[in-house]
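The structure under discussion appears below in the form of structure tokens.
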Amino acid sequence: MTADFLSILTSRPLAEVLREYPIGWDFLANYRLHSLGPELSFSQALLEVEEEALAEFGLDRLGALESFAEFLEQFTPKENPLAEVKSITIIGGWNKAKSPEAVSLTISAGEIISIVGPTGSGKSRLLNDIECLAQGDTLTGRRILVNGAELDDLQRFEMEGKLVAQLSQNMNFVMDLTVCEFLEMHAKCRLTPNVGEVTATCFQCANELAGEKFSEDTLVTQLSGGQSRALMIADTAFMSESPIILIDEIENAGINRRQAIGLLAKREKIILVSTHDPLLALSADKRIVIQNGGIAKVIEISEAEKESLGIIEDLDNTMQRLRTALRAGEVISMRDLEEPG
Amino acid sequence: MKLITVAGPPSSGKTSVILRLIEGMNRPQGSIGVVKFDCLTSFDNLSYAEAGIPVHTGFSGKVCPDHFFVSNIEDAVQWGVQSGFEVLITESAGLCNRCSPYIKGILSVCVIDNLSGVNTPRKIGPMLKYADIVVVTKGDIVSQAEREVFAFNIRQVNSAGKLIFLNGITGQGAFILAKYLQQAGEILSLRDTRLRFTTPAAICSYCTGEIKIGEPYQMGMMKKMEFKSL
């Protein structure tokens, strides 16, 4: 493959190569080569570059040519092994008291699992075990299987932290970009072919999740907490390649949480939500109860619990209504606490 | 003794990463030592001492930190061997983007943080390019998308290295880093080994204490900018 790119770079005009592989502009910028003659091939154009300028990067002309070919090869879309992750299985180890966890839980794509337990009980440790695909070698002795199979160390390193996407209340946007530029930048990194379409879907979806609407020209750093969360979730759903999503307690202001998590599930993600919010915890398919560093039990959400979900949702809607009324400058009365209509 | 070299821009979280790494390596107290190469002053020795980790700090002062590293690293190794360490970790700080204190055959780690701006990986140069492992810190406070863009920009510069996200506060990610670094080879000396990249060249009048500005005072190896009229 790299050989193919070597021949392209020595035979075709640079301008043509860049039209086909726009990511190549990044390579040229990284090595201060962006003013090369576009009508020449890259290898010919290189002859006009001083050797000393290349040497500053530890390259000679041949090295620069090879590096460019490797770069284009690296950023050619390939089969993605992460797309093949259809389930994970947690096989119990032991808790802090060294008693065994009698658990073997398989979670499939599209399933939502909530994780509950007091602070310091070991929720993070479970999430860590999943992230590093523990194979009985962490403090908990747990094993995590992917598609029912154990992984060797090489496969674990290969995952390179891409297995798990995370979303928490502490996260902020730090880039100085508008919503539109932000989405385009992420799409570029994913080598998405139809950038316009994907970013439009993301933007529309984020706006549906957010309580207050925002425009494409808003700076991401100026979004409210709810709007940020909505954009992060839509972006994770449509653009992240990670098959597993860990959600850490998203606040219930300014975003429709149930709809947000439902969206991720629809995108065939494996979803773990660490939360004590009844609405989220009971919207899941199952919940893992953590006590004393171990998985104490796994509760399947029963019909009875699901029935109570309706009332919880009403309570939640009432709170949302009160919030909206306050925002609009209204005065709250007892009537607002009753079901409308 | 195993030797691991850690480098990274100032305040990227190198010390936290090393402290988490040492926890994750699960070896007896006192069997892992640290040599900290810093510029003028350092407070990291306090963090190491608090964790009961033997540490030796050296200051480059007026000398280029990369030159300082390479001229002291063999002595650091001998200190480690004589102290009976199983593992010696060197931490280099105060580096410019041109630095890369890495040695062929010795596992090298570059620590950069997610808050430093998405294009930073593309500007760092050899320090990132020649690292075996790139550790990204502070990922817990930026969005997933920004983490992914950052990782993509790291890949642009270093496509072969392993990339690990590590939370210096909770230690998330330290396990897999420790696991990878257990593979570091055993050495007793670095004599005749080679750097992965040349250190910045500088032998000019200013190196030897000249402070006056102007053509007559510029001697030795100089690089001049070309200013074209607008």
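Tabulated data for the structure shown
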{"item": "All helices (runs of 4 or more DSSP H) inside the range A:1-76 with 1 or more residues being of a type in the set (S, T, N, Q)", "result": "A:2-11, A:24-30, A:42-46, A:61-74"}
{"item": "Some residue of the range A:177-199 being at pLDDT 90 or above and over 26 Å from residue B:114 (Cβ atoms)", "result": "yes"}
{"item": "Yes/no for residue A:199 being within 12 Å of chain B (Cβ to nearest Cβ) and either among the aliphatic types (A, V, I, L, M) or in contact with a helix residue (DSSP H, G or I) (Cβ under 8 Å, 6 or more places away or on another chain) (or both)", "result": "yes"}
{"item": "Residue list for the range A:106-129, restricted to those being farther than 15 Å from residue A:273 by Cβ and in contact with a strand residue (DSSP E or B) (Cβ under 7 Å, 6 or more places away or on another chain)", "result": "A:106, A:108, A:109, A:121, A:122, A:129"}
{"item": "Residue in the range A:291-300 that is in a loop (DSSP other than H, G, I, E, B) and surrounded by fewer than 16 Cβ atoms within 10 Å (Cβ to Cβ) present", "result": "yes"}
{"item": "Flag for residue A:145 being at the interface with chain B (Cβ under 7 Å from one of its Cβ atoms), out of contact with any Phe, Trp or Tyr (no Cβ under 7 Å at 6 or more places or on another chain) and part of a strand (DSSP E or B)", "result": "no"}
{"item": "Unmet criterion (only one of (1) surrounded by 16 or more Cβ atoms within 10 Å (Cβ to Cβ); (2) at the interface with chain A (Cβ under 8 Å from one of its Cβ atoms); (3) closer than 26 Å to residue A:166 by Cα) for residue B:111", "result": "(2)"}
{"item": "Residue within the range A:113-120 that is closer than 22 Å to residue A:297 by Cα, without any contact (Cβ under 8 Å) to a residue 60 or more places away in the chain and within 14 Å of chain B (Cβ to nearest Cβ) present", "result": "yes"}
{"item": "Residue, farthest from the other protein chains (Cβ to nearest Cβ), within the range B:173-197, restricted to residues that are in contact with a Ser or Thr (Cβ under 7 Å, 6 or more places away or on another chain) and assigned to a loop (DSSP other than H, G, I, E, B)", "result": "B:196"}
{"item": "Residue B:164 being crowded, with 19+ Cβ neighbours inside 10 Å, within 16 Å of the chain's Cα centre (by Cα), at the interface with chain A (Cβ under 9 Å from one of its Cβ atoms) and not hydroxyl-bearing (Ser, Thr, Tyr)", "result": "yes"}
{"item": "Cross-chain or 6+ apart pairs with Cβ under 8 Å, the range A:169-192 first and facing chain B (nearest Cβ under 9 Å) and surrounded by 19 or more Cβ atoms within 10 Å (Cβ to Cβ), then among the hydroxyl-bearing types (Ser, Thr, Tyr) and part of a loop (DSSP other than H, G, I, E, B)", "result": "A:171/B:143; A:173/B:143"}
{"item": "Filtered residues of the range A:216-255 (kept if of a type in the set (S, T, N, Q) and more than 21 Å from residue A:170 (Cβ to Cβ))", "result": "A:218"}
{"item": "Per-region count, the range B:109-124, residues closer than 23 Å to residue B:181 by Cα and without any contact (Cβ under 8 Å) to a residue 60 or more places away in the chain", "result": "2"}
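The values are calculated or read from the model by the stated rules, or taken from the named source; none is laboratory data. On a predicted model such as this, the values are computed, not experimentally measured, just so you know. Note: ideal-geometry Cβ built from the backbone for every residue, glycine included; neighbour counts use all protein chains shown.
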